[in-house]
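The values are calculated or read from the model by the stated rules, or taken from the named source; none is laboratory data. This one's a predicted model, so the numbers in the text were calculated from it and none came from an experiment. Counting neighbours? That spans all protein chains shown, and the Cβs are built from the backbone with ideal geometry, glycine included. With ligands, DNA and RNA removed, areas are computed over all heavy atoms of the protein, side chains included. Shrake-Rupley method; radii C 1.70, N 1.55, O 1.52, S 1.80 Å.
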Amino acid sequence: MRCLIFVEHSDGTVSESALELGAMAKSIGAEAVGLICAADPGAVNALAGQLGSFDAVIGVADDSLATYNPDAAARALTAATEAHKPDLVMTSYSAAGVDLAPNVAIRTGRQMVGYVSGLELDGDTLNAMSTVYSGKLVARTGMDLPGIVAVMPGAVKADGLSGGAPAVEMMDVDLSGLRMRVTETLVPENTGVNLADAEKIFCVGRALGGTEKIELAENVAAALGAELAGSRPVIDAGWMPKVRQVGKSGTKVKPRLYLMAGVSGAPEHLEGMANSELIIAINSDEQAPIFGTAHYGAVCDMFELMPALTERLTAGK
Ligand SMILES: Cc1cc2nc3c(=O)[nH]c(=O)nc-3n(C[C@H](O)[C@H](O)[C@H](O)COP(=O)(O)OP(=O)(O)OC[C@H]3O[C@@H](n4cnc5c(N)ncnc54)[C@H](O)[C@@H]3O)c2cc1C
């Protein structure tokens, strides 16, 4: 079985999710072949050098691929799929992959499953597991191969897979007449809040209920020496600024400690924090999906726990 993996990268570094896709391919005993699209062969080779766990790399080089271009990426992945006929094409279910995977599925006539959190081989059938309804259900889809899956970032660990750089084979793809071009890259302004590099984060969810009780959360964060963060409903409601949002459409974080209160653990939230070193969840519902991910949990009312926690942490100092 052979998997063709679309390798996302930025600023000369392959994404963690590409390494995770490699690990997932290996978990079903498949060969992992990466597709790297970059400006020139030198950039392709430098990126391939970071894919020690992959068996081979196909490179496509063109000026239009210097930064991610959805049209060029779809054409390159379609061409590589048609030329190499992999059993499975894998993309990340990222902002890019959520558009790329169905695009290539239509172009190649392949069946596609999104939101995938795990793969299982059952004889000749490939089962793709997708978490749906905010993590409350897992849907198992038996796929007829060849197919395409778009996999949730953080679904598996990429750790422990390293080796020599895989052999690179360059491929020519006609990228003339693209209907999209990248004109500008906008870097978010520096607000002084840097969740991505924070060592400790205290994240509160919708259960906070409003800004009236935010001081309780700020006190816990201050006593802990942690950055305060929020799930998406907290940001959407305007209780905290967008720079403090963790998750799929917020910041991806990897602190040593991720303490969270009143957050259910929806896949879009997990996508931003599941790789934290130590996750401790506080939730009043013992059935909350977050307890499937957290290393430690407390089933209790966050409004009772927050002041008590602040007191203990402050007394400890
Ligand atoms: C395309 C897309 C992108 C998204 N991006 C993001 C993202 O970046 N980040 C993100 O977070 N979400 C994101 N979401 C939303 C996501 O699907 C969830 O809706 C969201 O994460 C839920 O937030 P929550 O856990 O705070 O709220 P809820 O799911 O409402 O959970 C609240 C939790 O609080 C608990 N609770 C209630 N009262 C108490 C109490 N007194 N004490 C303790 N616990 C209590 C409840 O049991 C519940 O588990 C995205 C969704 C989509 C479709």
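List of remarks:
- Around the Cα centre of segment 25-113, unit charges on the Cβ atoms of Lys, Arg, Asp and Glu (plus for the first two, minus for the last two) sum to a dipole of about 240 debye.
- Enclosed volume per residue, in Å³, of the convex hull spanned by Cα atoms of segment 163-243: 212
- Helix axis angle, 302-316 relative to the chain longest principal axis, alpha carbon, degrees: 80
- In this structure, the amide hydrogen of residue 2, modeled 1.01 Å from its nitrogen in the peptide plane, lies closer than 5 angstrom to those of 31, 87, 88, counting only residues at least 5 positions away or on a different chain.
- With a simple spin-label model that places each label point 7 Å from the Cα along the Cα-to-Cβ direction, the separation between residue 139 and residue 87 comes to 2.4 nm.
- In the context of the full protein assembly, residue 108 retains an accessible surface of approximately 40 Å², using a probe radius of 1.4 Å and ignoring ligands and nucleic acids.
- Percent of alpha-carbon pairs separated by more than 18 Å within segment 195-316: 44
- Rounded to the nearest 10 Å², the accessible area of residue 314 at probe 1.4 Å: 80
- Total lysine pairs whose alpha carbons fall under 16 Å of each other in the chain (8 or more apart, or interchain): 6
- Ranked by the mean number of other Cβ atoms within 10 Å of their residues, highest first, the peptides 284-297, 253-266, 168-181 come out as 253-266, 284-297, 168-181.
- Residue order for 115, 68 - accessible surface, 1.4 angstrom probe, largest first: 68, 115
- Normalised contact order of the chain, rounded percent, pairs of Cα under 8 Å and 6 or more residues apart: 14
- When Rg and the Kirkwood Rh are both derived from Cα coordinates, the Rg/Rh ratio for the chain amounts to 1.01.
- Beta-bridge orientation, the chain: approximately 25 percent antiparallel, per DSSP, counting only bridges with both partners inside.
- Of the residues 137, 77, 211, the one whose Cα sits farthest toward the positive end of the charge dipole of the chain, with +1 on the Cβ of Lys and Arg and -1 on the Cβ of Asp and Glu, is 211.
- Computed from the Cβ-Cβ distance with R0 of 35 Å, the FRET efficiency linking residue 111 to residue 10 stands at 0.75.
- Theoretical FRET efficiency, 1/(1+(r/R0)^6), r = Cβ-Cβ of residue 63 and residue 124, R0 35 Å, to 0.05: 0.25
- Accessible area of residue 300 in the full protein assembly, 1.4 Å probe (Å², nearest 10): 40
- Lys, Arg +1 and Asp, Glu -1 on Cβ, resulting dipole of the chain about Cα centre, debye, nearest 20: 420
- Measuring between their Cα centroids, segment 195-254 and segment 282-317 lie 15 Å from each other.
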